[in-house]
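First the structure, then my questions, so here it is.
The values are calculated or read from the model by the stated rules, or taken from the named source; none is laboratory data. Since the structure is predicted, the reported quantities are computational estimates derived from the model, not experimental observations. Please note: Cβ atoms are built from the backbone with ideal geometry, for glycine as well, and neighbour counts cover all protein chains shown. These accessible areas exclude ligands, DNA and RNA; they are computed on the full protein's heavy atoms, side chains included. Shrake-Rupley method; radii C 1.70, N 1.55, O 1.52, S 1.80 Å.
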Amino acid sequence: MNNKKVAIITGSGRGIGAATAKLFATNGYAVCVNYKSNASAANAVVEEIQASGGRCIAV
């Protein structure tokens, strides 16, 4: 059985979505930051999560 946790969080490039992505990453989830148009904000969230040792991508 695979015990890896993955979360896809829509609208997580900023605001509540970004905070939620960071919270999930802190709790051991690999996170997919989903955004509509602001790639630089989403990438900033990804970089912050990765800098703290989390696994994250932006889509």
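From the set of residues in region 1-40 that are open to solvent by less than 90 Å² (accessible area, probe 1.4 Å) and among the basic types (Lys, Arg), which is nearest to Gly53 (Cα to Cα)?
Applying the filter and picking the extreme gives Lys22.
I've got another one for you. Quick one: how many residues across region 31-59 are aliphatic (A, V, I, L, M) and out of contact with any Cys (no Cβ under 7 Å at 6 or more places or on another chain)?
Result for region 31-59: 7.
Further question on the same structure: Can you pull out every residue in region 24-59 that is of a type in the set (Lys, Arg) and within 21 Å of Lys4 (Cα to Cα)?
Result: Arg55, single match.
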